[in-house]
Amino acid sequence: WHKKKWVEVDGKTGDVTGEPGMGFGIVQRAILTHGRVVPSASTSLEYSTIGGAVANNAAGERSYKYGTTRSYVKRLRVVLANGEVIETKRLSKRELSKKLGLSSMAGEIYRGLDKLLEEHHELVQKTLLPVSKNAAGYALSQVRNKDGSFDLTPLLVGSQGTLGIVTEIQLRTEPHNPNTTLIVALIDDLNQAQQVIMDIQGLSEQPALVEMVDSQLLDLVHKRQPTLLKGVLEPPFPKVALFVEYDSQSDRHQKKGSKQLQNLLKKNQIIYKIETDPEQKEQLWRIRESVSVVLEHHEGQARSLPIIEDGIVPVDKLSGLVGAIYQLFAAHNLQVAVWGHAGDGHLHVQPMLDLASVGDRQKVFKILEDYYSLIPSLVGSTTGQHVDGRLRAPFLERVYGPQAYELSKAVTFVLDPLGLPNQGPQVVAPRAYITPLLCPYT
């Protein structure tokens, strides 16, 4: 017997509740009829689910302003490792006290986690990296607030099913405004691009997104599909094409924000284009969306592989990260294209490799080793929005250090003492575990 998936929108609060298997695109369209939106949705919403977004703490272009999925999850219904069903939400100190007295597995979890967070408070605080979003490991720092309130929800969001099985999700939403102002700045120096982004962060009116594509990507697109950008952006391409969009519900604030940015760009003698017309904005967005050409392209059996593509660093280290990526790819004689959420210092990059080739399989592990040594050296995280999975889990200890890593393993044991839910992602995968995943031919 199969129950049809459902979704429910609260017309008063704008909250949306549904089953995890519901398509995110369907949910987004449902709430759009109410003039609302979940702004943290990623570009994969049309072929992903809300459960996947919660499991991965998904983020997207507008996460610069609105944050990740974790910011929008109000409540979860969860099946624990022993089959017990609980609902998570933020509890007051009084409500937490009642939970601590339960004789059920839920009580054991609340007691065990409360004890861990109390005994390792300073260690938990050290897991707060100087980045705007971080999907590596568990969000321990967001469970207990300074007022003593307690919520398992942030811990479960981004846990990839390793701590329990989510069966119902309640999300809050934001008002939707389709009337936006898009500015595309063409910048010929990486250091200048970094400074412009830092200056944008200091403006009183903040945009919804700050995205980028680099000249390497544009060159590849021009080489593979020369007509795609024709009439929109012609070679020679700038080092960085920076996309900044304002979506304030107030026209006055939106105009003020775009004016502030234009003044900043003029001061730095940077060429830019500004559009409010939907069709003209769509034309400009073709530049950013040209990423799909790189991702879908293959040469023989070589394809773009998402093995190192989700690092995030403080914005003041962004140009250093891009330069290091260029050097890394050059060392392995690989083409490189960089794009991503520049306002967060969060970049995507995928090497094109053939896993049927012994030489390329050897490159995979050398690239993994080099890249996941580089990111922590820049005080960043190995993943900004795609979580650890089985591929990045072996490198989690490098992000937080051995003590915090052991604490994460202790948290896993508190919620899953028998090792029953999803095994492999997050904190328990040894490095040797990923070899057969990446090299099925060996």
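The values are calculated or read from the model by the stated rules, or taken from the named source; none is laboratory data. Since this is a predicted model, take the numbers as computed values, not measurements. Don't worry about glycine lacking a Cβ; one is built from the backbone with ideal geometry, like all the others, and counts go over all protein chains shown. Accessible surface areas use protein heavy atoms only, side chains included; no ligands, DNA or RNA. Shrake-Rupley method; radii C 1.70, N 1.55, O 1.52, S 1.80 Å.
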For this session: Scan the stretch 115-123 and give yes if some residue there is in contact (Cβ under 8 Å) with a residue 12 or more places away in the chain, open to solvent by 10 Å² or more (accessible area, probe 1.4 Å), acidic (Asp, Glu) and closer than 25 Å to Ile312 by Cα, otherwise no.
Result: no
Exercise. Can you spot a residue in the stretch 298-312 that is among the acidic types (Asp, Glu), surrounded by 23 or more Cβ atoms within 10 Å (Cβ to Cβ) and either in contact with a Gly (Cβ under 7 Å, 6 or more places away or on another chain) or without any contact (Cβ under 8 Å) to a residue 12 or more places away in the chain (or both)?
Worked result: yes
Seminar exercise, completed: By residue number, the members of the stretch 199-236 that are more than 19 Å from Val336 (Cα to Cα), at pLDDT 95 or above and either of a type in the set (Gly, Ala, Ser) or open to solvent by 70 Å² or more (accessible area, probe 1.4 Å) (or both) are Gln201, Gly202, Ser204, Ala208
Exercise. Which residues, taken from the stretch 35-69, are free of Cβ contacts under 8 Å to residues at least 60 places away in the same chain and over 26 Å from Ser290 (Cβ atoms)?
Worked result: Thr49
Exercise. Can you find a residue in the stretch 424-438 that is on the phi < 0 side of the Ramachandran plot, at pLDDT below 90, of a type in the set (Lys, Arg) and open to solvent by 60 Å² or more (accessible area, probe 1.4 Å)?
Worked result: yes
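I'm trying to understand the selection: among the residues of the stretch 371-405, which are on the phi > 0 side of the Ramachandran plot and either free of Cβ contacts under 8 Å to residues at least 60 places away in the same chain or of a type outside the set (Gly, Ala, Ser) (or both)?
Correct list: Val379, Val387.
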Exercise. Taking the stated definitions as given, is Ala30 in contact with a Ser or Thr (Cβ under 6 Å, 6 or more places away or on another chain) and either surrounded by 15 or more Cβ atoms within 10 Å (Cβ to Cβ) or at negative phi (or both)?
Worked result: no
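Residue-by-condition table, conditions (1) buried (at least 21 other Cβ atoms within 10 Å of the Cβ); (2) under 18 Å from Leu209 (Cα atoms); (3) not basic (Lys, Arg):
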| residue | (1), (2), (3) |
| --- | --- |
| Val9 | no, no, yes |
| Glu19 | no, no, yes |
| Thr43 | no, yes, yes |
| Asn56 | yes, no, yes |
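Can you tell me which residue is farthest from Leu242 (Cα to Cα) among those in the stretch 315-341 that are part of a loop (DSSP other than H, G, I, E, B) and open to solvent by 40 Å² or more (accessible area, probe 1.4 Å)?
If we take residues in the stretch 315-341 being part of a loop (DSSP other than H, G, I, E, B) and open to solvent by 40 Å² or more (accessible area, probe 1.4 Å), then Asn333 is farthest from Leu242 (Cα to Cα).
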For this session: Would you point out the residue of the stretch 239-286, among those that are without any contact (Cβ under 8 Å) to a residue 60 or more places away in the chain and among the basic types (Lys, Arg), that is farthest from Asp189 (Cα to Cα)?
Result: Arg252
